[in-house]
Amino acid sequence: MKKRYLQVIIAAFLLCSLFLIGCSNSNNTSGDSKDSKKNIEPAKTQPLAKKDGKDVTISVADNFISMDPHDTNDTLSYSAQKTMLEGLVGFDKDMKVIPVLAESFTASDDAKEFTFKLRKGIKFHDGTPFNAEAVKANIDRLANPDNNLKRHSLFALVKETEAVDEFTVKVVLSEPFGAMINNFAHPAAMMLSPKALETYGKEVSQHPVGTGPFKFAEWDHSDHLKVVKNEDYWKKGYPKVDSITFKPTPENGARVAMLQTGEADFIYPVPTEQAESLNGKDGIVVENNQSIVVRYLSMNTLKKPYSDPRVRQAINYAINKEAFVKVVMNGFATPLDSVIAPNVQFYSKQEQYKFNIEKAKELLKEAGYADGFNAKLWGSNNTQTGKGMEFIQQQLAQVGIKVEIVPMESGTMADKIWSVEDPNKAEIELYYGGWSPSTGDADWGVRPLLGGKDAFPPKSYNTAYYNNDEVNQAIKDALATADLEKRNAAYEKVQALIWKDAPWAFLSVDDTMAGKKNYLEGIYLLPDGALSTENIEIKQ
Amino acid sequence: MAELKVNEAIQQPVSQPVNIKKNTPITEFWRKFKRQKLALGAGVFVVLLFILGIIGPFIAPYGAAEFDYDHILEGPSAQHWAGTDAYGRDIFSRIIIGTRISLFISILSVLLGAVGGTVLGLISGYYGKWIDNLIMRFCDILFAFPGILLAIGIIAILGPGLGNVVIAISIFSVPMFARIVRSSTLAVKSTVYVEATRSIGAKPRRIIWKHIFPGTVSAIIVNFTMRLGTAILTAASLSFLGLGAQPPSPEWGAMLSGGRDYLNTAPHVTFFPGLAIFLTVLAFNLFGDGLRDALDPKIKD
């Protein structure tokens, strides 16, 4: 009896498998196209999906950590904060700085004094008027190291903030810093109501009060965060929806399903594997845009054999960047052709290390490693990174470099990478990393990662232990002035020098991936991965 | 002498028909086992797997790490019988090559577990008293953890890697064997022939290895086969979680894990390694079932 039962199960299973194989055949993505860069075709033929009410649900990949912009270092928390809070200046769709709560701003030529003219007649959600004193309270909070705020570093140079009159603020720095306006446009500089700061203190992270189009309603840490319409918003006619609910959904499949069933109106990120199959069905539109997130492979320049620039260049030549984009990023990325992404201020395009195994082998031979060598590749233990590391392993095997992949969870990484005191004893060889300079300025894209000794771990993120005096000097020059021409020239030099020294293997620039129902408009991801929702609208 | 001869004469006709059938334990076992068609089929499958484990890398049409970025995530076709994965590697070849890893891990780990468990079980069952208590309570503690959880705990201490997977699986196989061997030992210990051996002054070591251990072998073999299936499954689970085999190793669990993201768009990437695990574990379990039926003296025809 038992055996017959088993046979039936096996038969049923085999039938199922045939069915599944049939399915997989029809779903094949063609791998023949020469162009590795993909773009989602806009699906215009779809009729508008139905939507009742004016409440929007957004499904995101992680939990929110804090609602205090001054004490936040994850882009996701900023996405939610930006519905409620605003800064003096902000970024537009292309990471250009635009005025928000300030009407206009000026910088002194020596890049030490910044003056903001404020917009009049704006009130915080709790009724406190927005004025120079409020701005001063916020900047002072950020600039005071005793507050131990995560974003203090962006404002550590502020010497004093002065309320010149009710609607004029002057910020004075202790030394010149040309990229300061971008720091003000960073979401870290968003304004909280001074009254709320006083009442809640550190607890303001649970009770954000700002000037934005939405007011904080509730935050259930295990489930969702809800914001409701601010009836007195200073931009007339906005916002155009009644509420936004953010739902953290870490599982990719679940997030996609929420969009398909209509439980969520907007999701991000959309898993790149599913972007194409999702787009154009059930009233779903998938949008991809170039971000400012760069992927790189850093090489410890203090350690043999990576101390030889020829070895580093060889590794650059040995990696097929087009294939990287296609295989690892599913086509939703672009090969990286500088240290920073094209949407970052002062980007200057370099000539790519074209995939060339012969040249790579030649360089290795010159450097004395004709037979290759053994290498260790470190990276975090998430799926995407794992895939990238495996790809690099395959590529470097072609020139005889045997790579051992070591995935690490964040605790181990903190131990082995970020808290190493003596650079010469650092064990790190190759490191697979990503970086998003959320100030949108070249400074934050280069200095923390390759800015010489000052950027070595544990102070910052220079995993290549790269230290080139010429580069350091050029970075300094660029910061010493607010003159755009001069800064541009300095950063051009920085990028050219780093490109030639190749402390990294330059891999790709990610795309931002968002999926939405087609009745939703005015919502998009900024290149730094933060969400812009102020113009959100439901079309029916 | 005369008496003895008579005895032989009496025995002769009785043993005659038995001799014709050559009723040794092995033929007896085979007679019982071959009647179970499903177990026999499973047995053949297991033998094939072992052959594949040995010659796999030589007959696989593609190398395990041979990538082809122009043919990624393609479904089954004439060139790639089980399709290709995210790097354009041939899944069929990888499964064949991975057979060796899965079998090697499971056999080694269960063997270690069986040796440890058997020794503990024999000691525990033979000597009894406080040592029995000590060993059995220790086994109870290990039993209190679900197998996979215990394995994850051990990996967390030792760090990921195939070697540590072997250690983890063998540790949680120990109490299973210890308990089974102990119960067989208790049964065999009270038989008359063991009593007799002891009465003529045999040392405990001789009694255990010469007289008790052979009596527990059938139980060990059955359990061994059954555990192999579980071990393959556990090793695959650990690799799936990223705690076992590391990429680009073609271990089945790791392959399964690598295809997870493509479940909707390219199900064959997970399907075929899954099928391999499923069939292998099923075969070992059915085979073990058949062995038990054939070896257990209590089950009569």
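Within the stretch B:58-86, the set of residues being among the hydrophobic types (A, V, I, L, M, F, W, C), within 24 Å of residue A:398 (Cβ to Cβ) and more than 9 Å from chain A (Cβ to nearest Cβ) comprises B:58, B:60, B:64. Report yes if some residue within the stretch A:144-152 is more than 26 Å from residue A:531 (Cα to Cα), under 28 Å from the mean Cα position of the chain (by Cα) and crowded, with 23+ Cβ neighbours inside 10 Å; otherwise report no. There is no residue in the stretch A:144-152 that is more than 26 Å from residue A:531 (Cα to Cα), under 28 Å from the mean Cα position of the chain (by Cα) and crowded, with 23+ Cβ neighbours inside 10 Å.
Kindly indicate the residue of the stretch A:221-272 that is buried (at least 22 other Cβ atoms within 10 Å of the Cβ) and of a type in the set (D, E, K, R) and also nearest to the other protein chains (Cβ to nearest Cβ) among those meeting that condition. For the stretch A:221-272, the residue satisfying everything is A:255.
Here A:205, A:193, A:174 are screened, and the one residue that is more than 19 Å from residue A:79 (Cβ to Cβ), crowded, with 18+ Cβ neighbours inside 10 Å and among the polar types (S, T, N, Q) is A:193. Scanning the stretch A:164-212 for residues that are among the small types (Gly, Ala, Ser), more than 19 Å from residue A:85 (Cβ to Cβ) and under 28 Å from the mean Cα position of the chain (by Cα) turns up A:178, A:179.
Beta carbons closer than 7 Å, at least 6 apart along the sequence or on distinct chains, pair a first residue in the stretch A:68-85 that is surrounded by fewer than 22 Cβ atoms within 10 Å (Cβ to Cβ) with a second that is in a helix (DSSP H, G or I) and not hydrophobic (A, V, I, L, M, F, W, C) for A:71/A:205. Just for the stretch A:375-404: of the residues that are over 15 Å from residue A:299 (Cβ atoms) and basic (Lys, Arg), which one is farthest from the other protein chains (Cβ to nearest Cβ)? Per the criteria, the residue is A:402. Within the stretch A:461-476, the residues that satisfy the criterion of being more than 12 Å from residue A:446 (Cα to Cα) and not in a loop (DSSP other than H, G, I, E, B) are A:469, A:470, A:473.
Annotation note: Cβ proximity below 8 Å between a residue of the stretch B:95-119 that is closer than 20 Å to residue B:259 by Cβ and a residue that is among the basic types (Lys, Arg) (sequence gap 6+ or interchain) occurs for no pair. Pull up the stretch B:88-118, narrow it to residues that are surrounded by fewer than 23 Cβ atoms within 10 Å (Cβ to Cβ) and within 14 Å of another protein chain (Cβ to nearest Cβ), then point me to the one that is modelled with the lowest pLDDT. Of everything passing the filter in the stretch B:88-118, B:88 is modelled with the lowest pLDDT. Looking only at the stretch A:329-382, residues that are touching a strand residue (DSSP E or B) at 6+ places or on another chain (Cβ under 6 Å) and under 15 Å from residue A:402 (Cα atoms) come to 5 in all. If you go through the stretch A:129-150 one residue at a time, do you hit one that is among the basic types (Lys, Arg) and at pLDDT 90 or above? Yes, because at least one residue in the stretch A:129-150 is among the basic types (Lys, Arg) and at pLDDT 90 or above. Apart from one condition, residue B:268 fits all of (1) at pLDDT below 90; (2) surrounded by 24 or more Cβ atoms within 10 Å (Cβ to Cβ); (3) farther than 24 Å from residue B:147 by Cα; the exception is (1). Which ones in the stretch A:369-400 are touching a residue at least 40 places away in the same chain (Cβ under 8 Å), closer than 14 Å to residue A:315 by Cα and of a type outside the set (Phe, Trp, Tyr)? Hits for the stretch A:369-400 are A:375, A:376, A:377, A:389, A:392, A:395, A:396, A:398, A:399. What about residue A:298, is it of a type in the set (Ser, Thr, Tyr), more than 20 Å from the chain's Cα centre (by Cα), on the phi < 0 side of the Ramachandran plot and more than 14 Å from every other protein chain (Cβ to nearest Cβ)? In short, no. Here residue A:459 clears all of (1) more than 14 Å from chain B (Cβ to nearest Cβ); (2) buried (at least 17 other Cβ atoms within 10 Å of the Cβ) except the condition numbered (2). Are any of the residues in the stretch B:68-89 under 25 Å from the mean Cα position of the chain (by Cα) and not acidic (Asp, Glu)? The answer is no, given that none of the residues of the stretch B:68-89 is under 25 Å from the mean Cα position of the chain (by Cα) and not acidic (Asp, Glu). Among the residues of the stretch A:326-344, those identified as in contact with a Lys or Arg (Cβ under 7 Å, 6 or more places away or on another chain) and under 17 Å from residue B:262 (Cα atoms) are A:328, A:331, A:332.
Annotation note: Cβ proximity below 8 Å between a residue of the stretch A:176-203 that is among the basic types (Lys, Arg) and a residue that is part of a loop (DSSP other than H, G, I, E, B) and crowded, with 24+ Cβ neighbours inside 10 Å (sequence gap 6+ or interchain) occurs for A:195/A:209; A:202/A:68.
The values are calculated or read from the model by the stated rules, or taken from the named source; none is laboratory data. Treat the numbers as computed from the prediction; the structure is a model and nothing was measured. Cβ: placed from backbone, ideal geometry, glycine included. Neighbour counts: every protein chain shown.
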